[in-house]
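Just below is one structure, and these are the notes that go with it.
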Amino acid sequence: MSNVVGVTAPTKQQENGMTRVIYTNKAGKGVGTASFRPWGYVVIIREDYKKDKGLLNHELFHARGNLLTQWRNWLIRVFDKEEYYEEEVDAFAIQLHTYYLEGVSGHVIDSRFVKFANFIREKYGFKPALTKDVNADLRQEVMALMREGLPAFLPNPQQK
């Protein structure tokens, strides 16, 4: 649909209301990001991670809601580190659960669990007291997803 180099039009499974998924290697240092634009949400993911449905669901989780939600999320990131921490734990739990639904092997999921827990501890500038129980918090959220399933607004890799 788009003739911009490095941009891929979203498939049906990648659409999330007004969310546009763009795969490009011209997107800064990280592997994925979600942000609000006047026309809706934009999820940008590095092309190397195009098949990573867990990462896609992680970013789509951040891109939920509307303009009001986005202002709230921005305020939380700046002023309420505890709520921001919980948001990131939820997003990484969704990512891990998506890998489970895809049939990714247990030892790969375990290594990503450790990687994500360390990432939460180190990347976001949270105080150590806030992240001291990150492994237990992440495990608790994954277990809840195992019981309840992915939120309805996210694509389920088991459904075609």
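Of all residues in the range 122-144 being among the basic types (Lys, Arg) and in a helix (DSSP H, G or I), which is surrounded by the most Cβ atoms within 10 Å (Cβ to Cβ)?
So the residue we want is ARG139.
Here is a list of conditions, (1) part of a helix (DSSP H, G or I); (2) of a type outside the set (S, T, N, Q); (3) closer than 22 Å to THR33 by Cα, and ARG147 meets all of them except one; can you say which number that is?
(3)
Which of the residues belonging to the range 60-111 are closer than 17 Å to TYR41 by Cα and among the small types (Gly, Ala, Ser)?
If the condition is that a residue be closer than 17 Å to TYR41 by Cα and among the small types (Gly, Ala, Ser), then ALA63, GLY65, ALA91 are the ones that fit.
Could you grab me the full set of residues in the range 113-152 that are of a type in the set (A, V, I, L, M, F, W, C) and either within 17 Å of GLU83 (Cβ to Cβ) or in contact with a Lys or Arg (Cβ under 6 Å, 6 or more places away or on another chain) (or both)?
Within the range 113-152, ILE120, PHE126, ALA129, LEU130, VAL134, LEU138 qualify.
Coordinate-derived values only; no laboratory data. Because the structure is a prediction, the values reported are computed rather than measured. Cβ coordinates were reconstructed from backbone atoms using ideal geometry, including for glycine residues, and neighbour counts include every protein chain displayed.
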